[in-house]
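Each remark here refers to the structure printed beneath this line.
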Amino acid sequence: MKTFTKIIIFIFLLLITNFQKIYADEKIKIGLLVPLSGDHSEIGKSILKSVRLAINKIDNQLLEVIPKDSKANPEITLQNAKKLKEEGAKIIIGPVFNKNLIYLEELNEIIFLSLTNKVIKNPKNIISAGINATSQINTIIKFQKSSNLNKTLFLIPKKNYKNEIEEAIKKSKIKIKKVYYYDSDPTKLTKQIEKVTRYPQRKQNLEDEIRRLENSDEEYKDLKIKKLKKKDTIGKIGFDSIVIADFDETLKSITTSLLYTDVSPKKVHFITLNQWFDESLLKEKSSQPIYFPSINKKNYEEFKKLYNKSFNEYPNQLSFLSYDLIGLVYYLIAQNNFIIDQNIFVKKNKFKGKVGIFEINDKKISHILNFYMVDDNKFKKIF
């Protein structure tokens, strides 16, 4: 009886081993659905080149990436997603743009790793792999704690990503003193910032104090008045840090308005989002230091060199992310004995990529980011 039991166990183990070997010998097919023609073709072609670099790095002949053109069009995206399914892809990297997700829910047996950073109201089979607002705000929380910041204002633009920021604030449980919403129209912006910083009141405080001294018999009043006239305002600002959920020219307009209302980055921490080392910030010396969460800069620079050496051009930001996504998918499949199913994105897991650390849990991806400052016309890593 014991011998019979041993034989049964041996046969079972043999079957399992062969079963796993069959899967290990199968092609690992990953779909790539990006714009390869049309207005956004440069983005898609750059992503495709980065994916090829990642495949070369992994160096496994069983790994096959099947590219299809989304043309940045929702209907064509769906058509080509169906073709990828027919060709055996169960995981698809893409689409790039949030608007192209709308018809993909019907392919519920396919997981899409979208390059968008928007997470609200996505179909259930979409995993947003972009650097989302929650990941960025979680990084800001670390900086708050390390710098003892407890009076943080949050400025949110009245734009289409307003809801993403609000949801991220709620999820992250960041401690903020007050949230302000602003219109990005330059003709309205300064007046809005004046209200946020209590500028009219602080300016009036200065005028009142000068008038009081002029009508007083205080000793050295002339000297005191002379010093006050060099100031723009007096009185407490009421906050020690301000998070500006904006970028590019609007960010610069806001920091200029803050300076105009006598709020200096030397006294108040200016923090922003959505930065990929915008070198134009280096020129804004009056707005420095300014802080922001972002990807690993050293790795990003190394990737740009590798990409440039390979293709004699420089990549876009999404190319860097897509390079990591190939590694992430391969890592998760390998951990699952090379069996491709949706469960690999359900289990709690971590993957150290070039962008930073990916955290995977319950079909969601978040990122553990670094934190930087722009000061003395340089990007400086804080953590």
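What follows draws every value from the coordinates through simple rules; no lab data is involved. Remember, it's a predicted structure, so these values are computed and weren't measured experimentally. Because the Cβ atoms are built from the backbone with ideal geometry, glycine has one as well, and the counts that use them run over all protein chains shown.
Counting pairwise Cα distances across region 45-146, what percent come out greater than 24 angstrom? Could you put the intermediate results ahead of the total?
Working: 1648 of 5151 pairs.
Of all Cα-Cα pairs in region 45-146, 32 percent lie more than 24 Å apart.
Please give, to one decimal in nm, the separation of the simple spin-label points placed at K231 and K188, each 7 Å out from Cα toward the Cβ.
Going by the 7 Å Cα→Cβ label model, 3.3 nm.
Assuming R0 = 25 Å, what is the FRET efficiency of N337 and L48, from their Cβ-Cβ distance, to the nearest 0.05? Don't skip to the end; give the middle numbers.
Working: r = 29 Å, r/R0 = 1.15.
Once rounded, the FRET efficiency stands at 0.30.
Report, to the nearest 10°, how far helix 74-86 tilts away from the longest principal axis of the Cα atoms in the chain, using its own Cα long axis and a range of 0 to 90°.
30
For a footprinting-style exposure proxy, rank R211, R198, R52 by other Cβ within 10 Å, fewest first. Intermediate results must be reported in sequence, preceding the final value.
On the way: R211 11, R198 19, R52 16.
Fewest-to-most ranking of R211, R198, R52: R211, R52, R198.
So how tilted is helix 162-172 from the main axis of the chain? Cα-based, degrees 0 to 90, rounded to 10.
Between helix and principal axis, roughly 80 degrees.
Under the rule of -39500 (n - 2.57) per DSSP H run of 4 or more residues, summed and divided by the residues of the chain, what mean residue ellipticity at 222 nm is obtained, to the nearest 500 deg cm²/dmol?
Numbers: 11 runs with 162 residues, N = 383.
That comes out to -14000 deg cm²/dmol.
Would you please name the chymotrypsin sites (Phe, Trp or Tyr not before Pro) within region 157-236 that are DSSP coil residues with at most 16 other C-beta atoms within 10 Å of their C-beta? List each step's numbers first, then the result.
On the way: sites: Y161, Y180, Y181, Y182, Y220; in loops: Y161, Y220.
Of the chymotrypsin sites (Phe, Trp or Tyr not before Pro), the ones in loops of region 157-236 whose Cβ has at most 16 other Cβ atoms within 10 Å are Y220.
For the chain, calculate the relative contact order in percent as a whole number, restricting contacts to Cα pairs under 8 Å that are 6 or more residues apart. All intermediate terms of the calculation are to be shown ahead of the outcome.
Working: 638 pairs, mean separation 61.3, N = 383.
That works out to 16 percent.
Can you work out the PRE-style zone for E214? Point 7 Å along Cα to Cβ, and I want the residues of region 261-277 with backbone N under 13 Å.
Flagged as within label range: none.
So who's got an amide H within less than 5 Å of the one on I290, skipping anything under 5 residues away but keeping other chains? H placed 1.01 Å off N, in plane.
Long-range HN contacts for I290: V374.
Which ³J(HN,Hα) values, rounded to whole Hz and listed in residue order, are derived for region 50-66 from phi using the Karplus coefficients 6.51, -1.76 and 1.60 in 6.51 cos²θ - 1.76 cosθ + 1.60 with θ = phi - 60°, glycine and proline given as x?
After applying 6.51 cos²θ - 1.76 cosθ + 1.60, I find 5, 4, 5, 4, 5, 5, 4, 5, 5, 6, 10, 5, 7, 7, 10, 9, 10 Hz.
Can you give the percent of C-alpha pairs in the chain whose distance is more than 26 Å?
In whole percent, the share of Cα-Cα pairs in the chain beyond 26 Å is 61.
On a 0 to 90 degree scale, rounded to 10, what angle separates helix 248-260 from the longest Cα axis of the chain?
20
So how much slack lies between K380 and Q79, counting 0.36 nm per residue of separation and subtracting their Cα-Cα distance, in nm?
Values: separation 301, 0.36 × 301 = 108.36 nm, distance 4.54 nm.
Additional length available on full extension: 103.8 nm.
Net charge near I340: determine it from the other residues with C-beta under 13 Å of the C-beta of I340, scoring Lys and Arg +1 and Asp and Glu -1.
Values: positive: K27, K29, K85, K90; negative: E26, E64, E109, D341.
My count for the surroundings of I340 gives 0.
If I take R0 = 56 Å and measure r between the Cβ atoms of K309 and Y103 in this structure, what FRET efficiency does the formula 1/(1 + (r/R0)^6) give, to the nearest 0.05? Could the numbers behind the result be given before it?
Numbers: r = 39 Å, r/R0 = 0.69.
Step by step, r from the Cβ atoms, then E = 0.90.
I want to verify the translational diffusion coefficient of region 164-237 in µm²/s; compute it with Stokes-Einstein, Rh as the Kirkwood radius over Cα pairs, at 10 °C and 1.306 mPa s. Can you show the working numbers first?
Working: Rh = 15.4 Å.
For the chosen part, D equals 103 µm²/s.
Just to check I understand the Karplus step: with θ = phi - 60° and J = 6.51 cos²θ - 1.76 cosθ + 1.60, what whole-Hz values come out for region 346-352, glycine and proline as x?
My calculation for region 346-352 gives 8, 5, 5, 7, 9, 9, 8 Hz in order.
Please compute the contact order of region 135-285 in relative form: average sequence separation of alpha-carbon pairs under 8 Å and at least six residues apart, divided by the residue count, as a percent.
That works out to 28 percent.
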